[in-house]
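The values are calculated or read from the model by the stated rules, or taken from the named source; none is laboratory data. Note that the structure is a prediction, hence the values are computed from the model and not measured. Methodologically, a virtual Cβ is constructed for each residue, glycine included, from the backbone with ideal geometry; neighbour enumeration extends over all protein chains shown. What goes into the accessible areas is simple: the full protein's heavy atoms, side chains included, and nothing from ligands, DNA or RNA. Shrake-Rupley method; radii C 1.70, N 1.55, O 1.52, S 1.80 Å.
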Amino acid sequence: MQDDELPGPGRIVKLDVLFQDENIVVINKQSGLHVHQPEIARRRVPREMTVLWTLRQQIDRFLYPIHRIDVGTEGVLVMALSSEVAGQYQRELQEGNAKKVYKAICRGWLPESLRIEVPLERDSTSTLVDAVTEIRLLGKVEKPYSIGKRYPTARYSLIEARPLTGRWHQIRRHLARSAHPIIGDREHGDTHHSRYFREELGLPGLWLRADSLEIMGKTFTAPESKRWQRMLDVLKFHP
């Protein structure tokens, strides 16, 4: 699938398969695609906008989702070819045996390393559960642009995030509650900085990618998309 090329009704786009064997299929999901149909009926999208349906047509096999990444998030996504395998992989994820690595662009400058231990509400109830995310700074940049008139410049960080627990929107919520929301996050982000990226820099969307996943003795890494490469060329992060 080409960057910035999303399918429409009646139009199927080929997905980027990173790995396939008799048990699983791993793809590099594009930002803007749903893993499956939204659970809320009024938010249903054309089936061509879902990975589950599109990949079934592409490989001609029935698929079982193992995990999800948000519609705006790009990167590594694993599907199983049987319910038994899906259960095995899901247990690895639930028991914390898998290692996930994400990259993101955040508002402000973060420290070289940060461990966020802030309990989060479950997605279905208001019950608080433990949540831990480790952050490592990869680069930073400062733009001579005043946003919100509070500061004369705009600062951004390129980070690596490792969620040690698997809560709903964990990385997005943890960074937002640490005053460093991810750019392009419509639910937890800063609309002013997201608008600057979208309208002034020509960099729309959520700037979060599932960089790699280590699970069941295998490691899968997503290559940087043209969209991500373009962002790096525009922002020119430095140590």
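Annotations
- Note on residue 57 and residue 218: with the Förster distance fixed at 25 Å, the Cβ-Cβ geometry gives a FRET efficiency of about 0.50.
- If R0 is taken as 30 Å, the Cβ-Cβ distance between residue 199 and residue 177 corresponds to a FRET efficiency of 0.70.
- Available extension along the chain between residue 145 and residue 37 is 35.0 nm, counting 0.36 nm per residue and deducting the alpha carbon span.
- The sum of -39500 (n - 2.57) across all DSSP H runs of n ≥ 4, divided by the residue count of the chain, sets its helix-only mean residue ellipticity at 222 nm to -5000 deg cm²/dmol.
- The residues of the chain present an accessible area of 53 Å² per residue when probed at 1.4 Å with all protein chains retained.
- Gap separating the Cα centres of the stretch 105-144 and the stretch 70-101, nearest whole Å: 22 Å
- Estimated FRET transfer efficiency (residue 94, residue 191; beta-carbon r; R0 41 Å; 0.05): 0.75
- (i) 18.0, 56; (ii) 19.9, 70; (iii) 19.4, 63, with the label sought being that of the calculated Rg and Dmax of the Cα atoms in Å: (i)
- Total lysine pairs under 23 Å (Cα atoms) in the stretch 73-161, excluding pairs fewer than 8 apart on one chain: 4
- Electrostatic dipole magnitude of the chain [Cβ: Lys, Arg +1; Asp, Glu -1; Cα centre; debye, to 20]: 700 debye
- Taking the square roots of five times each eigenvalue of the Cα gyration tensor of the stretch 198-239, the equivalent ellipsoid has semi-axes of 27, 12, 8 Å, listed largest first.
- Here the simple spin-label model places points 7 Å from the Cα toward Cβ, and for residue 109 and residue 23 these points are separated by 4.6 nm.
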